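Worksheet: one structure, shown below.
The values are calculated or read from the model by the stated rules, or taken from the named source; none is laboratory data. For clarity, every value in this text was computed on a predicted model and none was experimentally measured. Heads up, the Cβs are rebuilt from the backbone with ideal geometry, glycines too, and the neighbour counts pull from every protein chain shown.
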2 protein chains.
Amino acid sequence: MSTAALDYARQHQQRFLSELKELLRIPSVSTLPDHRNDVRRAADFVAAEMKRIGLENVEVISVIPGGHPLVYGDWLNAAGKPTVLCYGHYDVQPPDPLDEWKSPPFDPTERNQNIYARGAVDDKGQMYMHLKAVESLMKTGNGKLPLNVRLVIEGEEEVGGESIAKFVREQPRRLAADLALVSDTEMFAAETPSLCVGLRGMCYTELEATGAMVDLHSGVYGGAAPNPLEALARIISKLKDENGKILIPGFYDRVEKPSADELKAWDSLPFNEEHYRQTEVGSKVLTGEPGYSVLYRTWARPTLEVHGMPGGFVAAGAKTVIPARASAKVSMRLVPDQRPEEIWRLFNEYVQKIVPKGIEIKIKQWSMADPIVVRTDNHFVRAAAQAMHDVFKKDTVYIRSGGSIPIVADFEKSLKIPSVMMGFGLPDDNLHAPNEKFHIPNFYRGIESIIRFFHILGN
Amino acid sequence: MSTAALDYARQHQQRFLSELKELLRIPSVSTLPDHRNDVRRAADFVAAEMKRIGLENVEVISVIPGGHPLVYGDWLNAAGKPTVLCYGHYDVQPPDPLDEWKSPPFDPTERNQNIYARGAVDDKGQMYMHLKAVESLMKTGNGKLPLNVRLVIEGEEEVGGESIAKFVREQPRRLAADLALVSDTEMFAAETPSLCVGLRGMCYTELEATGAMVDLHSGVYGGAAPNPLEALARIISKLKDENGKILIPGFYDRVEKPSADELKAWDSLPFNEEHYRQTEVGSKVLTGEPGYSVLYRTWARPTLEVHGMPGGFVAAGAKTVIPARASAKVSMRLVPDQRPEEIWRLFNEYVQKIVPKGIEIKIKQWSMADPIVVRTDNHFVRAAAQAMHDVFKKDTVYIRSGGSIPIVADFEKSLKIPSVMMGFGLPDDNLHAPNEKFHIPNFYRGIESIIRFFHILGN
C-alpha cells in the first residue's frame, strides 16, 4: 500500500491533537438540560470539520424535537468499492463528582502521554480518529478515498440514542452501507490490538417511590409514616442476592453460554485478577457471581447496578426528614439472548410484587439496548484485525465488552450490516468517571489503523 | 390579674407579626455553610430586639469557634420571685425541596390565617412569643416584670446544639433558674391547649461506604466491582424488619413502657387514625410496629429512619456509574431509658457485622440527645396548664412529642431544673418540610399564655 496517508497522519499529529482539544473544551453533556447549547456547539464543530476535510452532503440533522442532532457527511464516489458507515458520538457523560478531577474536565490537559478530559476516549477522541483518517487519505489521494464512506456522529449516545435509533429505523437507505465501523470500545490491555465482538445490552430504569404526601419530620412521624428511601433499600436488597445473583424470576432464562472456543480464548488473554483488582478497581475484594471468571462475569453474565438514589436530604449535615418521595436509578446489563423488553416486563412485575407497604412505585424507563455478538470469521472483522496487527505489530485479540452500544444492534436489525468495533481505549481510561483520559499514542495508532483498514477494504 | 399586658399584646398584634416576618426573611439555615452570615444576622436581630424591649446584659455569645452564637439577655430585678429561663432557637432547617413551596420559604406569606415561611413555627415564631410577652409585661409594668427572666436563644438547634450544650455544662451559673420555658413543641390538635411532658432522644449517624477507588463504568465493571449504594441498601434492609422492628441486638433492652395512667390518657385524646393518615401523612397506609397505637409508636417507641443517600448520579437522566463512595444518613429516635451513647455503640457494632463484602463503612455521628419525661405534678407544669386553660378556655392536655429537644435533658442534668414545654404549633404545620407555617391566632394566644404564665408564677 502507499504510505502517503500514513506519512501525512504522522506529520500532522500535533495539529490533530490540538483540534481534538478544541472539541474537548465543549462541555457537551447530553443528559443535562443546561448544556443543550454546548451539545449543539459540538455538533456544529463536527459538521464544520467534515466540510473542511472534503466530505459531501454534510448536514446537522434534527430527528426528534427537543433531542440532540446527528451530524452526517459522506463521500460516495468510489464506484464498485464497499461503503463503510463510520459511527461515533460527540456527547459526553456528566463530569461529576467534580472535586475528584485532577485537572478540570473541560480543560484538556496532557500528563504522561495521556490527554485528560471528559469525552477524551468516550467518544470524542475515538470519533475524531475517523475524521483524521479520512482527511489523511483525502489529502494524499487527490481528493479521493479508496472506498465509500458515510459518517454519522450522534449526540445522544449517553442518554439512550433515541434520535439515531429512529433515523436508522425510518431512513435506512440514507445510511446504506456494507459494514459499520464503531470506535467506542477499548483494547484488552496496553499494546494489545483488540477487536470487540460482543456487547452487553441494557435496561436502565428509575424506581420512583412515594410514601407520604409531603416531607415529614422524622421525630413527629417516625413510627407511622412510610419511608420511600427505606422501601427502595428493601427492594434493592431483593433484586440481587449477596453473591450477585439476580432474583427476578425468569431473568436468566435466555442467557446463553459463550462457546467453548471463546471461553478458552478468554482464558489465554493476559489477565491477572489481582492486578486488575489493585490497579483498576481498588476495592478490598472483587464481587460477583461465584464460579465465573472476571471476564466471564463482566462480558457474558447479566448484572444489575444501582447508580444513584435521589431524594431526601443529601447535602452535608443532618436533616431529620422522612422524604415524601425518593427514587433509585437501577440498570441491568443483558447478554445474548436476553431481550430488553422482556426483561423490562419481568423487572416491573417483580418489583411491584415486593413493594413494601404504604409505598407506591412507578418505574421509568431510561434506555434499552439489545446485547450483541459479532462472528469473528466475518471478512470485515478479519480486515480490521489485519490493519491493527500491521500498526501494533502484534496479533489482534477478539474480546467482548461489558458495556452497551445500542446502535450496533440497530445497525444489524435495520441496515442488515455487521459492525467492526475497533477501539483504542485502555482499561484504565476512567470511562464515565473523574479523570477520563485517552492515551495519546493510541489516538495516533487509531488513525493509522483506520487508514490501513480502509486501504485493505478498498483494494 | 391586671389585664394591661394582655391588652397591650392585643393592641400590638399587627406590629408583632410584622417584626416576626422581618426575622423570617433571614435564611438562617444553620447546617449550610453558605448561610453562615445569615445565621449571624438572625442572632443580631434577636439581640437588638432584646435590648429594645428592655432586657439587660444582652450579649451575642460565641461558645465554639466556627459555631453559631447564643443570644443572651436577662432581667433579674424581681427579688424573691422565681427565675424562668426562656429557651428558643433562631436557626432553621434547610428549605429544600424548593420546588414544593407554594410561596418562597424566606418570603413570609399570609394565607388562611397562617404565616408560611421556613422557621415560622420552628422556632422563630414560637421563640418570638417569649420576647413579645416580656415586652407586653415590661411596657405595662413600669419597666418591671412580675418575675425574673433569662432568655437564651441558640443558633444550632437544627445541627445538634453543641454550643448551648457546652455553655450549659460549663457555665451553669450564668443560666441559673427555677425552671425553663421551652416553646418548640406543638399542640395536640387545633384549639387543644397542650403541654409536652416527654421527648424522644436522638442518635443521628451517617454511614459512609467505600467500594472501588474511583467511580467505575457499570458496563465495564458491573459483575466485578462492589457497589456502595447496593451495600447501603442491604445494610438498611437489615436495620429494621418489614414491620418496623429494629434489628440491632440489645436496642430495646432499656425501653420503658409508659405508665398505665399515661397510656389511658392518650387513649382519651381526640385522635382519629384514619383522619391523621389522610390529612397529615397522606400515604396509602400507616406503617410501624404492629400492636402499638400511632401515639404510642411516635411518642414512646424508638424508631429508625433513612433521611438521604448521597452518592452516585442523582440528577435527572441516566448515568451508568458504579460510584466509588456513597453514604446514608440514618437516625434513631430513642425513648426512656435508652442511652444515646450506648445505642451509638450497639449500632456501630451491628453495622460492622453486616457490611457486604468488598465494602468499607465508616460511621459518622451527627447528633445525640437524651430522651426525657417530665412529671405532670410539677408546680410549674400545673401553672402553665392553668395559663393555657385561661387563654383557650379548655382543659390543657398532657402529651409527648416524638421529636427531640436535646437541651431539655441538658437543663435537667446541668441546671437541675425542669422544663415546661408550652408549644403552640399545630400538627399540620409542616415542620422541617416545604410550606412550613404558623397559625397566626396561635402566635397571639401563645403570647397571652406566656403573659398569664409569668403572672401566675410571679404571684
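Here is how the numbers come out for the structure above:
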quantity: Extreme residue, farthest from the other protein chains (Cβ to nearest Cβ), among residues of segment A:413-456 that are under 17 Å from the mean Cα position of the chain (by Cα) and among the charged types (D, E, K, R); calculated: A:437
quantity: Among (1) modelled with pLDDT of 95 or more; (2) touching a Gly at 6+ places or on another chain (Cβ under 8 Å) - the single one residue A:185 does not satisfy; calculated: (1)
quantity: Residues located in segment A:288-337, provided they are modelled with pLDDT under 95, surrounded by fewer than 22 Cβ atoms within 10 Å (Cβ to Cβ) and in contact with a Ser or Thr (Cβ under 6 Å, 6 or more places away or on another chain); calculated: A:317
quantity: Count of segment A:50-69 residues which are in contact with a helix residue (DSSP H, G or I) (Cβ under 6 Å, 6 or more places away or on another chain) and surrounded by 22 or more Cβ atoms within 10 Å (Cβ to Cβ); calculated: 2
quantity: Residues being in contact with a Phe, Trp or Tyr (Cβ under 8 Å, 6 or more places away or on another chain) and either more than 7 Å from every other protein chain (Cβ to nearest Cβ) or farther than 22 Å from residue B:235 by Cα (or both) - total across segment B:302-322; calculated: 5
quantity: Any hit, segment B:450-459, residues being polar (S, T, N, Q) and in contact with a Cys (Cβ under 6 Å, 6 or more places away or on another chain); calculated: no
quantity: Qualifying position, being out of contact with any Asp or Glu (no Cβ under 6 Å at 6 or more places or on another chain), surrounded by 24 or more Cβ atoms within 10 Å (Cβ to Cβ) and without any contact (Cβ under 8 Å) to a residue 24 or more places away in the chain, among A:285, A:281; calculated: A:281
quantity: Test result for residue B:288, closer than 25 Å to residue B:202 by Cβ and either not assigned by TED's automatic domain parsing to the domain that holds residue B:193 or not β-branched (Val, Ile, Thr) (or both); calculated: yes
quantity: Single residue of segment A:75-95 satisfying the filter (part of a strand (DSSP E or B) and either crowded, with 24+ Cβ neighbours inside 10 Å or under 26 Å from the mean Cα position of the chain (by Cα) (or both)) that is nearest to the other protein chains (Cβ to nearest Cβ); calculated: A:92
quantity: Residues (over 14 Å from residue B:233 (Cβ atoms) and in contact with a strand residue (DSSP E or B) (Cβ under 6 Å, 6 or more places away or on another chain)) located in segment B:330-359; calculated: B:331, B:332, B:333, B:334, B:336, B:340, B:343, B:344, B:348
quantity: Of all residues making up segment B:8-36, the number that are farther than 11 Å from residue B:108 by Cβ, among the hydroxyl-bearing types (Ser, Thr, Tyr) and surrounded by fewer than 18 Cβ atoms within 10 Å (Cβ to Cβ); calculated: 0
quantity: Check on residue B:132, basic (Lys, Arg), touching a residue at least 60 places away in the same chain (Cβ under 8 Å) and more than 18 Å from residue B:28 (Cβ to Cβ); calculated: yes
quantity: Entirely in segment B:1-74, the helices (runs of 4 or more DSSP H) that have 1 or more residues that are over 25 Å from residue B:455 (Cβ atoms) and in contact with a Leu (Cβ under 6 Å, 6 or more places away or on another chain); calculated: B:36-52
quantity: Residues located in segment B:338-375, provided they are surrounded by 15 or more Cβ atoms within 10 Å (Cβ to Cβ) and of a type in the set (S, T, N, Q); calculated: B:338, B:348, B:365, B:367
